[in-house]
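Visitor: This is the structure I have questions about; it appears just below.
The values are calculated or read from the model by the stated rules, or taken from the named source; none is laboratory data. Fair warning: this is a prediction, and the values are worked out from it, not measured in the lab. A quick note on method: Cβ atoms are made from the backbone with ideal geometry, for glycine too, and the neighbour counts reach across all protein chains shown. Just the protein is used for accessible areas: all its heavy atoms, side chains included, with ligands, DNA and RNA removed. Shrake-Rupley method; radii C 1.70, N 1.55, O 1.52, S 1.80 Å.
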Amino acid sequence: MNRMFAGWFCADRFGILNKHSCFDVAEFNEKFPTAKNLKIADICDVRAIELMKQNKPIVVLWSGGVDSTAIVCSFLKNNIPLDQLTVAYSAMTEEEYPYFLQVMKAQGINVIRQDDIPTYCDELRDCLAINGWCADQLFGSDIHRFNSELYNYDWMNGIREMMKVRRIRLTERSFNVIEQIYSDYAKRLGLNVKHFCEFTWMYNFGIKWSYVREVQRMLCTRNASRECVVNFFETDDFQSWSVNNFENIKLHNVFKEPKWYKKELKQYIFDYNHDEDYFLNKPKVNSRSTVKPEGRRVFVLDTDGYHIFQYKSKSEDNISALQQKISEKYLKHEY
């Protein structure tokens, strides 16, 4: 199941499924958030003010996508002093949202192009480096980009078909085990999962979350830079909003109807910059400009902290062999 969603190992942050892993996973016991009828706009405002009160320079890692654009707007709407704000972007951003880039330049906002965002982040000190990680987990899953037709399939039929798309071959016995385990998982979380889009939200929110909240720190090589990293959308209120929104996920296939894609965040952006085209037509774009391929390196977070593994010699570049060797360090004894 992990392979269907991601190219990395992700733990279940609610600690229910980790017993099924071949890896010796640390103890996770986070509680499933309580649903609350909150407004995204209010949560964004509170979050921005909370971060501004830390009185540190704020660097927003802006891709031009909905999540990071909403972050920029949250600070501007709440009157951040411009000498406190820096917006760092990459070349991809100039294609994804050129209009807002020009608006910010015209307003005198300090915008800087950094074509190697991870290296730039690794050099930051004594500031807040704010990214949009965890926002995707609030709204659903980007796995639907591989086949948007499966969005409202029955959840198990969706899994069967998506496995084919992802070229993962399983036996009928394996599918039966998956159905049993994830039916129980949904029940224990208090979720009535019927549609594939609801299942993918559940997996993204409960399991892939454990990776995305750490990825920016994992890419840093220094603790001083890791201490700067802030995931804007990680707070309890955002999570409670997401759980409350669960019943609405099935209503619109956002990969076919872009006007519904993260509509609440796009409304928040529209209220600030009045860009109707962005509000109505902005879809999911997998820019991920804050991440770059890391050829010979493997990143791990364990109970001792963050680790970066790599070959001593550049002539050794078999990344698969390196991943295999490292994974063996974390296998349970029986494996």
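Visitor: Looking at L191 and the list (1) outside the structural domain of I58 (by the TED database); (2) open to solvent by 30 Å² or more (accessible area, probe 1.4 Å), which single condition is not satisfied?
Guide: Unmet condition: (2).
Visitor: Hey, another quick one. Within segment 222-289, considering only helices (runs of 4 or more DSSP H) that don't extend past its boundaries, which have at least 2 residues that are aromatic (F, W, Y), modelled with pLDDT of 95 or more and open to solvent by 20 Å² or more (accessible area, probe 1.4 Å)?
Guide: 263-273
Visitor: Can you find even one residue in segment 199-211 that is under 27 Å from A26 (Cβ atoms), free of Cβ contacts under 8 Å to residues at least 60 places away in the same chain and out of contact with any Gly (no Cβ under 7 Å at 6 or more places or on another chain)?
Guide: Scanning segment 199-211 turns up at least one residue that is under 27 Å from A26 (Cβ atoms), free of Cβ contacts under 8 Å to residues at least 60 places away in the same chain and out of contact with any Gly (no Cβ under 7 Å at 6 or more places or on another chain).
Visitor: Does any residue of segment 107-118 turn out to be in contact with a Gly (Cβ under 9 Å, 6 or more places away or on another chain) and open to solvent by 40 Å² or more (accessible area, probe 1.4 Å)? Break it down into steps so the answer makes sense when it comes.
Guide: Initially, segment 107-118 is screened for residues in contact with a Gly (Cβ under 9 Å, 6 or more places away or on another chain), giving none.
So far as segment 107-118 goes, no, none of its residues is in contact with a Gly (Cβ under 9 Å, 6 or more places away or on another chain) and open to solvent by 40 Å² or more (accessible area, probe 1.4 Å).
Visitor: List, please: which pairs have Cβ atoms under 7 Å, are six or more places apart or on different chains, and start with a residue in segment 16-28 that is assigned by the TED database to the domain that holds G206 and in contact (Cβ under 8 Å) with a residue 24 or more places away in the chain and end with one that is open to solvent by 50 Å² or more (accessible area, probe 1.4 Å) and among the aromatic types (F, W, Y)?
Guide: Sorted first by the residue in segment 16-28, then by its partner, the pairs are C22/Y335; F23/F9; F23/Y330; D24/Y330.
Visitor: Given N79, N37, which one is modelled with pLDDT of 95 or more, open to solvent by 30 Å² or more (accessible area, probe 1.4 Å) and either closer than 23 Å to F205 by Cβ or not in a loop (DSSP other than H, G, I, E, B) (or both)?
Guide: It is N37.
Visitor: For L170, are the conditions met, namely being at pLDDT 95 or above, closer than 14 Å to R13 by Cα and of a type outside the set (D, E, K, R)?
Guide: It is false that L170 is at pLDDT 95 or above, closer than 14 Å to R13 by Cα and of a type outside the set (D, E, K, R).
Visitor: Moving to a separate point now. Note down all Cβ pairs under 8 Å where the first residue falls in segment 158-179 and is under 18 Å from A6 (Cβ atoms), the second is exposed (fewer than 14 other Cβ atoms within 10 Å of the Cβ), and they're at least six residues apart or on different chains.
Guide: M162/F146; M163/R169; V165/F146; R166/R3; R166/F146; I168/R3
Visitor: Which of the residues that make up segment 193-205 are under 13 Å from the mean Cα position of the chain (by Cα) and more than 27 Å from C121 (Cα to Cα)?
Guide: W201, Y203
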